[in-house]
Structures are given as structure tokens and as C-alpha cells.
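Working notes, structure below.
Values in this text are rule-based calculations from the coordinates and carry no lab data. All values reported here derive from a predicted model rather than from experimental measurement. Positions of Cβ are generated from backbone atoms using ideal geometry, with glycine treated the same way; all protein chains shown enter the neighbour counts.
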Amino acid sequence: MSALFNKSMISTDEFAQRRKTLMRLAGESAAIIVAAAPERMRNADSAWPYRQDSDFHYLTGFPEPDAVLALLPGRGNEVILFCRERDPEDERLHGARIGPEGAVKHFGMQDAFPFEDIDDILPGMLEGRERLYCHFGAEAEFDVRLLRWLRRLRSARGGGVVPREFTSLGHLLHDLRLYKSPAELKLMRRAAEVATHAQLAAMQAARPGRCEYEVEAALLHAMRSRGAVPSYAPIVAAGANACVMHYRHNSAKLQRGQLLLVDAGAEVQCYASDITRTWPVGGKFSREQRALYEIVLEAQAAAVDAVRVGSPWDAAHRAATEVIAEGLCALKLLRGSARAALQSGSYRKFFPHKTGHWIGLDVHDVGDYQVDGEARLLEAGMALTVEPGIYVAPDDTSVPPRWRGIGVRIEDDVVVTARGPEVLTAKVPKAPTELEALCG
Ligand code: GLY
Ligand code: MN
Ligand code: MN
């Protein structure tokens, strides 16, 4: 196998095991179809950097667009891939392709066919299957193809038997993705390590007078020089920009005395990390900044401690909101008691988001948060972020001016283990004195 195709730290056996488990869950009379991500154009003939669809990657490790996986459970447990054929001329322009032979040889497929032939071959494979699992309504082009395959099957000579049930694949597949294997956790640890380097580089770069994009450049350099890519567009938000949850401009100048919020993660072999740190530009928290920072820090510690086997997934959020409501009431930013603030939800003005989300192949990873209407209980191998924050809008006249425009979030990535929470991103400092020393 060429070095190009031999990059995954997940073994071919593990990919095969995932397919086998999915087929067992789907049942013998089912068929499962999963498509690769299409190439997406940025403008004219310039494509965005290619990122494989997470579900397709989870089941194949196959890194190209124009590919469809068909799983046919039953006696043969057939695993079929449709993919682009080798094409020396195109490969001279766009790089090597794996081709159907390579897919069988290196990716554990039982059989593989040219993508061009899919309309002729795939409908026959669905014949007589009772249930079809796939993603409906996610990619318009795939939906059109799917309907075409079904039409072709129906109009086949003698009348093909079209599956009677169409079932959303997400529920089965995304439940599997929720439990990370040792090999996946290894990649997530690496993604966390790269993001740790990136945050440290950002702290070095964030001098008064520099621009947010210069800090972004330091983040990107730290990631790309380690072979990773960002797992989402980094947020580098100085001062009141931190109060914009999805701030993306990264264009303002950093001023001494502002807080800088940096939310950035790295992606390694499709696995994400997601870290936020907030520190004072110039290295000295004001009294108000520090007061809010310490509340968020305490809230985060309480929330991380709630990430335990058997606890509901939202226990972390409840722990964080209690600390934040108490802190805001003690500072008189909220009137009345913490209990009243929790009951009325008035704290949400300052803490408008949840304390975290699943993380894995996607930064906001898949998997149901509720089971039978109740918060899901945490199990070993699940991974989530813990990211409370406090944001005082710059135009919030309900609080004295000295509090306005301060935004703080602290975010780490945590794996649920039988021994308690494993914080993958623990090496990025977050104690106020440490941050002051590092960023001064
Ligand atoms: N960076 C996106 C998030 O924290 O959820
Ligand atoms: Mn984040
Ligand atoms: Mn996050």
C-alpha cells in the first residue's frame, strides 16, 4: 500500500468490526447505504479542502469523494464499495486515486465497483431487502440518486421488490459512534495535544497592539506544523467580542486590559478537540474580570467532577449553573437568591448556552442526549466537552458599567472512565495566576 493510503491509526480490522456490528443491529433483511461527502466548491473551480463524511469515515476509513458503501447483512454479510476508478490523466492533475482494486486490497471491502456503474448495479442489490437504512434529506444529490435507484428497481423486468421500510440510519450508527474505542481515544488525545500547543502559542502571540487574526495565525501554525487541521473556524475574540457566541471576524486589535477568549480545536485523522481559554491581554486581570473568571473556573471544576459513569449527561450543566447563579447573585449582577435565579432561568442572560456537547469525529458529535425522554446516563468511553461561560453584554444597562463587555468561557474535553473524568486538555493552564504569568 502506498504511504498515501496508509495513514489511519484505526486498523482495517476495527473498521470491519464496526461494519459487522452495524449489520448485526440492522438485521438480516436490511440493506445499509452510506455515501462519501461530496467535494464542495468554494467558488468557480476551486474546491474547499476535502473532509470525508464522518459516518462514511467511521465505517470505511476511505478518504475519497464519489464513493458509496453498501452493507448487505445476512449470510454473506456483504461489504461493497463503489468508488472512482483509477485514471492516470486525472491523477496527474489531482493526485492518486485508490480505485476499486485498492479498496478491496487495502480497505477490507469484499467487492468494489466503479462509481460510474452504481446506477446499474446497486438497485439489484436492494432487491428483496425489507428495510433500507440511510440518511434521508442530508444531501439533496444523494436523495435524488436514491429515488432513482428505487425507481429503477421497481421498473426492472418482472417488477423488482422495493424495500418496504425506509429507516433513518442515524439512530443505530450514531449510538455506536458515541462509545469511543481505545484507538479512537488515542487519536482524540493527539488532537487534544495539538490543540494544547495551539493554545499555548496563542498565549505567546496575544500581545497588546496585535490583531485577533495574528493570534489565529499562531493557532493555525501550531496545528498545521503538526499535521493537523482546525476542527472548526477558530474564535479569537477580544473584549466585548467574546460576548458574541460564534464570533468569526477575528479582525480587531487587542488592547491591554481586555480579556481575550480563544476557542480553537484541532482535528487529527478526522477526530476533533475543542478548547477554550480566556486570559487578560497584557497579563493582568481587572478586579471584575477576575471575579467573573473565578466563578467560571469554579463552575467548570464542579461540572468536570460531575462527568462520571452513571450520572446523567446534563449533571455537568446543573453543577455549572448552580455555581454560576450563586456567583452572579453574590456579585449582585443578579438580584435575589441563587435558587430563585435557577428557578426563573434569569441566569441565562449571562450564561445562554449548555455546558457541553459530545465530541469525537464531529466537534459537536452525534448521539442522542435523551433516552426515553430522560437525560442519557454517562458510560465509559463517551467523550464530551465541559464549557461554562459568563458573558455580560456591552450594552447591558442592568449592571454597572464596569462589568459590561466581559466574556469568559473555559472549555476542556473530557472522557468518561471507570476511574472518573479524564481531562484530555488538562495541560492548558487555566489558573488565573498561571495565566497572568504566561501572558504578561
Ligand atoms: N467551538 C464550538 C464549541 O465550543 O462548541
Ligand atoms: Mn469550543
Ligand atoms: Mn465546544
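Output needed for the chain: three equivalent-ellipsoid semi-axes, defined as square roots of 5 times the C-alpha gyration tensor eigenvalues, in descending order, whole Å.
Here the semi-axes work out to 45, 25, 19 Å.
Among the lysines, which have Cα under 24 Å from the Cα of K180 when same-chain residues fewer than 8 positions away are ignored?
K180 reaches K7, K20, K354, K427.
Tell me, in nm to one decimal, what length is gained between A437 and E422 on full extension, where the rule is 0.36 nm per residue of separation less the Cα-Cα distance?
2.8 nm
For helix 140-154, report the angle its Cα long axis makes with the longest principal axis of the Cα atoms of the chain; keep it between 0 and 90° and round to the nearest 10°.
30 degrees
Angle check, please: helix 212-224 long axis (alpha carbons) against the longest principal axis of the chain (alpha carbons), in degrees 0 to 90, nearest 10.
Once rounded, the angle reads 40 degrees.
Compute the separation of the alpha-carbon centres of segment 238-304 and segment 305-366 and state it in Å as a whole number.
What the calculation gives is 17 Å, centre to centre.
Roughly how many whole Å is it from the C-alpha centroid of segment 173-221 to that of segment 53-74?
Taking the Cα centre of segment 53-74 as reference, the centre of segment 173-221 is 27 Å away.
Over segment 385-440, how many percent of alpha carbon pairs lie in each 10 Å bin up to the one with the longest distance?
Spelled out bin by bin, segment 385-440 gives 19, 33, 31, 15, 3 percent.
Taking only Cα atoms, what is the 0 to 90° angle, nearest 10, from helix 315-330's long axis to the longest principal axis of the chain?
With rounding to tens, the tilt is 20 degrees.
Given axes a ≥ b ≥ c from the Cα gyration tensor, I'd like to know whether segment 6-70 is rounded (a/c under 1.5), prolate (a/b larger than b/c) or oblate.
Here segment 6-70 falls in the oblate category.
Which peptide among 357-364, 369-376 comes first, and what is the full order, when sorted by highest mean count of other Cβ atoms within 10 Å?
Peptide ranking by packing, descending: 357-364, 369-376.
Give me the dipole magnitude in Debye, nearest 20, for the chain about the Cα centre, with unit charges on the beta carbon: positive for Lys and Arg, negative for Asp and Glu.
Computed about the Cα centre, the dipole is about 1180 debye.
At 0.36 nm per residue, minus the direct Cα-Cα distance, what do E14 and R348 gain on full extension? Give it in nm, one decimal, please.
Additional length available on full extension: 116.0 nm.
With the calculation restricted to Cα positions, what are the radius of gyration and Dmax of segment 265-324 in angstrom?
14.9, 43
Quick one: among A140, A237, A266, which has the greatest mean-square fluctuation in a GNM of the chain with alpha-carbon springs under 10 angstrom?
A140
Quote the charge dipole size of segment 325-428 about the Cα centre in Debye, to the nearest 20; the model charges only the Cβ of Lys and Arg (+1) and of Asp and Glu (-1).
780 debye
If you average the sequence gap of Cα pairs under 8 Å that are 6 or more apart and divide by the length of segment 1-131, what percent do you get for the contact order?
Over segment 1-131, the number comes to 24 percent.
Which whole-number percent is the relative contact order of segment 7-57 (Cα, under 8 Å, 6+ apart)?
Reported relative contact order: 26 percent.
Over the chain, with a Gaussian network built from C-alpha contacts below 10 Å, which listed residue (E116, E214, E411) shows the highest mean-square fluctuation?
E116
What does the net charge come to around R86 if you take all other residues with beta carbon closer than 10 Å to its beta carbon, with K and R at +1 and D and E at -1?
-3
If you build a Gaussian network model of the chain, linking Cα atoms that sit under 10 Å apart, which residue out of E89, E141, E78 swings the most?
Fluctuation is largest for E89.
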